[in-house]
1. Listed residues B:199, B:237; which is free of Cβ contacts under 8 Å to residues at least 12 places away in the same chain and over 16 Å from the mean Cα position of the chain (by Cα)?
2. Have a look at A:79, A:97 and point out the one that is more than 7 Å from chain B (Cβ to nearest Cβ) and in a loop (DSSP other than H, G, I, E, B).
3. Anything in the stretch B:145-171 that is more than 7 Å from every other protein chain (Cβ to nearest Cβ) and in contact with a Lys or Arg (Cβ under 7 Å, 6 or more places away or on another chain)? List them, or say none.
4. Out of B:57, B:61, report the one residue that is on the phi < 0 side of the Ramachandran plot, assigned to a helix (DSSP H, G or I) and in contact (Cβ under 8 Å) with a residue 12 or more places away in the chain.
5. Residues B:336, B:298: which one is of a type in the set (D, E, K, R) and without any contact (Cβ under 8 Å) to a residue 60 or more places away in the chain?
6. Looking at the stretch B:27-39, which of the residues that are farther than 14 Å from residue B:231 by Cα and open to solvent by 30 Å² or more (accessible area, probe 1.4 Å) is nearest to the other protein chains (Cβ to nearest Cβ)?
7. Examine the stretch A:104-121 for a residue that is loosely packed, with under 12 Cβ neighbours inside 10 Å and in a loop (DSSP other than H, G, I, E, B), and state whether such a residue exists.
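The values are calculated or read from the model by the stated rules, or taken from the named source; none is laboratory data. Just so it is clear, the model here is predicted, and its values are computed rather than measured. Cβ: placed from backbone, ideal geometry, glycine included. Neighbour counts: every protein chain shown. Accessible surface areas use protein heavy atoms only, side chains included; no ligands, DNA or RNA. Shrake-Rupley method; radii C 1.70, N 1.55, O 1.52, S 1.80 Å.
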Amino acid sequence: MKCCLCKEREATVHLTQIVGDKMQKLDLCEECARSKGVNDPTGFSLADLLLGLSGSQETEPRPRSGELRCPHCGFSQAEFKKLGRFGCPECYQTFAEGLDDLLKTMHKGVRHVGKVPKAYRGVEDLKRRLQRLQQELARAVQEENFERAAELRDEIKQLQARLTTPRGH
Amino acid sequence: MELKEFLPPASEVARRTGPQDRIVLSSRVRLARNLKGFPFPGWAKRADRLQVYEKVAGAVAEVPALAGCFCETLDKLSALERQLLVERHLISREHAARTSGGGVVLNRQETLCLMINEEDHLRMQSLRPGLQLREAWAELDALDSLLEEHLEYAFSPEYGYLTACPTNVGTGIRVSAMLHLPGLVLSEQINAIIQSVNKLGLAVRGLYGEGTEALGNVFQVSNQMTLGESEQTILEKLDKVLRQLIEFEENARASLIEKNPKMVYNHIGRAYGILANAHIIASKEAMNMLSLMRLGVDLGMFPGVDRSLTDELFLLIQPAHLQSLHAEKLQAEERDILRADMIRERLRSVSRPGPPLPAPGSGG
């Protein structure tokens, strides 16, 4: 098996992290493992590594000088990698590329389910969200992930109830 | 008004009761919210942070549920006052350390507490004694809806409420409970339990939250994932796990008493011995001993003694609380002496622990 970072050397370090019901696996060579700080068990998380991974792939098509910066707050991708936090709410837009992959490592899903501020509580929006959840449900059933499917069904029920009673949540 | 006058005394805090409070010390729901158009506090310039503070404080003043609350910037509070808030679990240690533009809003019952310019612009919390997650959520949900009429939240239909750290994005909710688990610690099951709770995607932390030690056998259990599940789903899941943990703890206590009673009595008897006789005691040791004494109270080994005795001491012996009882600045060594004096004094009327009484209530 080749290292999934350098794709050259033989992978000798195999990592598995379970978050919730999801399992993530990484296979690294010794050199890449060391450079990513995998030897330090306290400071290590697959999320960081995966984030770094997606970043290193991104730098190839993008020239080094044109580092992506948030036009609203000036926050850069490098700073995000270092701090693990964004600079402003708009950064979610600016750094949208690869964000879903990162969110997947942290959360149950990558789209919001739950309370919505009144200003965003338009019926159209709810319908769109409902549609998306139903697609996700179909996928979960297909993947035989019945636990997730049951949860999605509950979310859909809650959303449908909200659609019939305009203001509640 | 001074914070010290505003905070209810420890004796009042210790007498608050709630469902399952034999094991669940408190329930908490927290929501993270940010204002549209402003950088997050960690990246914002001071001027932006001050502006955010003014906006949030202005909205707070408009909400009837927060009428008469304490609302102040952190730089107006002394280090001691900020530490008092940490020891009451009202603000985080990080918030206490960073003052510029930071603020705190607290109601008199200590059921609602807002941190302004912590990691996010607004972190509001609802706190209840015992296991009351639903009640805490209902109150906070209502407060959030009221504040929303005066503040424009940063929200995206895809990612939900936008937060500084993507680990909080979506609902921005953290549901947690503080558990007293001496039975699981004494029976050495705690590590296995923590691991299995972690596998469910829940976090287990120490007394003061992230990266802290489980002093006094107190553990904080909370959700970690905030995106892709509704508040209701997150809350129900945590509630289910907590009820299971309560059962595990009760079972651990029962089986310890059945299989190894001398070990349990020994721990509790020694804890009493130290607390009732020590002349110098550090807060860490005192908390661990008080935890065992609380277990003794639960098991009926201290007839006539109420849990509020140990719970009040648990709060009073912490450094800032102890310091606030004395006018002059205390050194750590002096605190250890005064702490021991206070505990001895409080335990003067408490007799040595006996074997557990098969009295009503000792079973559960």
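1. Details: B:237 fails: free of Cβ contacts under 8 Å to residues at least 12 places away in the same chain.
Within the list B:199, B:237, the selection yields B:199.
2. On the way: A:79 fails: in a loop (DSSP other than H, G, I, E, B).
Exactly one residue qualifies, and that residue is A:97.
3. Scanning the stretch B:145-171 gives B:151, B:152, B:161.
4. Values: B:61 fails: in contact (Cβ under 8 Å) with a residue 12 or more places away in the chain.
Going through B:57, B:61 in turn, just one is on the phi < 0 side of the Ramachandran plot, assigned to a helix (DSSP H, G or I) and in contact (Cβ under 8 Å) with a residue 12 or more places away in the chain: B:57.
5. Values: B:298 fails: without any contact (Cβ under 8 Å) to a residue 60 or more places away in the chain.
Result: B:336 is the single residue among B:336, B:298 that is of a type in the set (D, E, K, R) and without any contact (Cβ under 8 Å) to a residue 60 or more places away in the chain.
6. Among residues in the stretch B:27-39 that are farther than 14 Å from residue B:231 by Cα and open to solvent by 30 Å² or more (accessible area, probe 1.4 Å), the one nearest to the other protein chains (Cβ to nearest Cβ) is B:36.
7. No; the residues of the stretch A:104-121 include none that is loosely packed, with under 12 Cβ neighbours inside 10 Å and in a loop (DSSP other than H, G, I, E, B).
Residue by residue, here is whether (1) crowded, with 18+ Cβ neighbours inside 10 Å; (2) part of a helix (DSSP H, G or I); (3) modelled with pLDDT under 95; (4) not basic (Lys, Arg) holds:
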position: B:252; (1), (2), (3), (4): yes, yes, no, yes
position: B:256; (1), (2), (3), (4): yes, yes, no, yes
position: B:268; (1), (2), (3), (4): yes, yes, no, yes
position: B:275; (1), (2), (3), (4): yes, yes, no, yes
position: B:301; (1), (2), (3), (4): yes, no, no, yes
position: B:304; (1), (2), (3), (4): no, no, yes, yes
position: B:313; (1), (2), (3), (4): yes, yes, no, yes
